[in-house]
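Take a look at the structure set out below.
Rule-based calculations on the coordinates, nothing more; no lab input. Note that this is a predicted model, so its numbers are computed, not measured.
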Amino acid sequence: MLWDRKVLVDYKVTFNSVTGKRVLADLAKSCYYTQPIFSEDPIVMAHREGSRDVFLKILTTLKLDPNEIENILQEEEDDIVD
């Protein structure tokens, strides 16, 4: 269990910084969090679902709810505009 706590701390240190939130926003986009995974090609769709599953594991580990990730995505959009 000590290992689990260390990994949890690592996730928080990694993703709670400004840089980490920027990476999290990028992962949300590239891992199909904000877009449908559907494809007529089942292999493409399976790949997309796998990517999305990894991103959802990060969210679950960090205990982020959808509103929090939406805020992070909006902050990133605002930074791009500025």
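Odds and ends about this structure:
- Candidate set: region 27-45, residues that are in a loop (DSSP other than H, G, I, E, B) and among the polar types (S, T, N, Q); chosen: the one nearest to LYS12 (Cα to Cα): THR34
- THR60 part of a helix (DSSP H, G or I) and either under 14 Å from the mean Cα position of the chain (by Cα) or not hydroxyl-bearing (Ser, Thr, Tyr) (or both): yes
- Residue within region 46-57 that is more than 16 Å from the chain's Cα centre (by Cα), small (Gly, Ala, Ser) and part of a loop (DSSP other than H, G, I, E, B) present: no
- Residues being outside any helix (DSSP H, G or I) and either within 20 Å of GLN74 (Cα to Cα) or of a type in the set (Gly, Ala, Ser) (or both) - total across region 1-24: 2
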